[in-house]
Amino acid sequence: MTRSGSILVEVMASLLIFTIALVTFAGSIAFSLKGIISSEYVTEKEQLYINAYESYMINRAIGHSVSPTDAAFAAVLSVPSTSFFKIGDGSLFRTIPFDLYKFELADKRDSEIYVIQKK
Amino acid sequence: MKTLFAYFTAKRRGAALFITILIGSLLLLIISAVAVRAVLNTSNIEAWQTQGIKARRLDALARSAANMTAEVINSDGKLDGFGSPENVKAGVSSDPTLIITDPEKTYLTLKLKGVSSCDYTVTSIASSDKDLVVLTLSCVLSGDKRSLTWGKNR
């Protein structure tokens, strides 16, 4: 039996399904592209951050007098009372007081790198 | 199989639209899969780099501590302050010192062994609950120049 208008209903149902699929896939593509761009930005920032720390360490190993405040991202931290090393043989100690510095990437968890330097 | 083939080749109303929608959906699915795959790959790289920073945390503390000890020895110009010459030659060390508590408790221990300010080895041990880094800094006199060698064991 042929019902008038059945083709129109089928076409509309097909278009509806296709539109839903289209919107879903387009959304996933947009989300993916956003993620890719964001990741690229974060990766670049992390690399610059690591370079800043490495640059500081190399300069310090060579120059001995570089301050971490020369490097980007560094922050001086308050350290607990045990802010010194006592190296010795039991009867004689050399006390080395130190400051603790922190390199940190803003808005990135677990990105802290700490260095210590003689006071 | 024959029935299936006949189904797709039969001339029926709406078949062209159906096939068009099917192929369009498949294309979109493939493009989406490629995009999602790219996101997963970039996320993996990001996670790997963050993991590298975590591993670097202990390295940084150990390196800076060893370097600090070398700076002190360099400015002192002698090893006398660290103990008697016999004991320093045999090796002296510090107690494990708590350096940071966040994101995890990390301790540093410094060891020194040597005979003069131009001939010594500093061992710096940075340890947390999960990891341990042992770093050595050796200084030897070659000619009239001091040579520093860094080494690392995990």
Item to check | Residues of region B:24-36 classified as among the aliphatic types (A, V, I, L, M), at pLDDT below 85 and surrounded by fewer than 17 Cβ atoms within 10 Å (Cβ to Cβ), total | outcome: 3
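Among the residues of region B:37-68, count how many are at the interface with another protein chain (Cβ under 7 Å from one of its Cβ atoms), small (Gly, Ala, Ser) and surrounded by fewer than 18 Cβ atoms within 10 Å (Cβ to Cβ). I'd like the intermediate steps shown before the answer.
The first filter runs over region B:37-68 and keeps only residues at the interface with another protein chain (Cβ under 7 Å from one of its Cβ atoms), leaving B:38-39, B:42-43, B:45-46, B:49-50, B:53-54, B:56-57, B:60-61, B:63-65, B:67-68.
Now restrict to residues that are small (Gly, Ala, Ser): B:38, B:43, B:60, B:64-65.
Still in the running and surrounded by fewer than 18 Cβ atoms within 10 Å (Cβ to Cβ): B:38, B:43.
Total satisfying the criteria: 2.
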Next on the checklist: Return the residues of region B:69-98 that are closer than 28 Å to residue A:109 by Cα and either crowded, with 21+ Cβ neighbours inside 10 Å or facing another protein chain (nearest Cβ under 7 Å) (or both); say none if nothing qualifies.
Outcome noted: B:97, B:98
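Looking for whichever is in a helix (DSSP H, G or I), more than 30 Å from residue B:16 (Cα to Cα) and touching an Asp or Glu at 6+ places or on another chain (Cβ under 6 Å) here; the options are A:32, A:55, A:39. Which one fits? Show your work before the answer.
Values: A:32 fails: touching an Asp or Glu at 6+ places or on another chain (Cβ under 6 Å); A:55 fails: touching an Asp or Glu at 6+ places or on another chain (Cβ under 6 Å).
Result of the check over A:32, A:55, A:39: A:39.
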Checklist entry - Out of all the residues in region A:28-40, which are farther than 20 Å from residue B:49 by Cβ and either in contact (Cβ under 8 Å) with a residue 12 or more places away in the chain or in contact with a Ser or Thr (Cβ under 9 Å, 6 or more places away or on another chain) (or both)? => result A:28, A:29
Next on the checklist: residue B:125 - would you say it is more than 10 Å from chain A (Cβ to nearest Cβ) and among the aliphatic types (A, V, I, L, M)?
Outcome noted: yes
Next on the checklist: Looking only at region A:41-81, how many residues end up being surrounded by fewer than 17 Cβ atoms within 10 Å (Cβ to Cβ) and either under 15 Å from residue B:50 (Cβ atoms) or modelled with pLDDT of 80 or more (or both)?
Outcome noted: 11
Item to check | residue B:105 modelled with pLDDT of 90 or more, under 21 Å from residue A:100 (Cβ atoms) and surrounded by fewer than 21 Cβ atoms within 10 Å (Cβ to Cβ) | outcome: no
Checklist entry - Quick one: which of B:127, B:116 is among the small types (Gly, Ala, Ser) and either surrounded by fewer than 16 Cβ atoms within 10 Å (Cβ to Cβ) or more than 20 Å from the chain's Cα centre (by Cα) (or both)? => result B:116
Next on the checklist: Test of understanding: among B:101, B:123, B:106, B:136, which residue is of a type outside the set (Phe, Trp, Tyr), more than 16 Å from residue A:84 (Cβ to Cβ) and in contact with a helix residue (DSSP H, G or I) (Cβ under 7 Å, 6 or more places away or on another chain)?
Outcome noted: B:106
Item to check | Sole exception among (1) of a type in the set (Val, Ile, Thr); (2) within 20 Å of residue A:114 (Cα to Cα); (3) more than 8 Å from chain A (Cβ to nearest Cβ) for residue B:30, by number | outcome: (2)
Item to check | Scan of region A:88-108 for residues that are of a type in the set (Lys, Arg) and within 8 Å of another protein chain (Cβ to nearest Cβ), ordered by number | outcome: A:94, A:108
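The values are calculated or read from the model by the stated rules, or taken from the named source; none is laboratory data. Since this is a predicted model, take the numbers as computed values, not measurements. All Cβ positions, glycine included, derive from the backbone under ideal geometry; neighbour counts span all protein chains shown.
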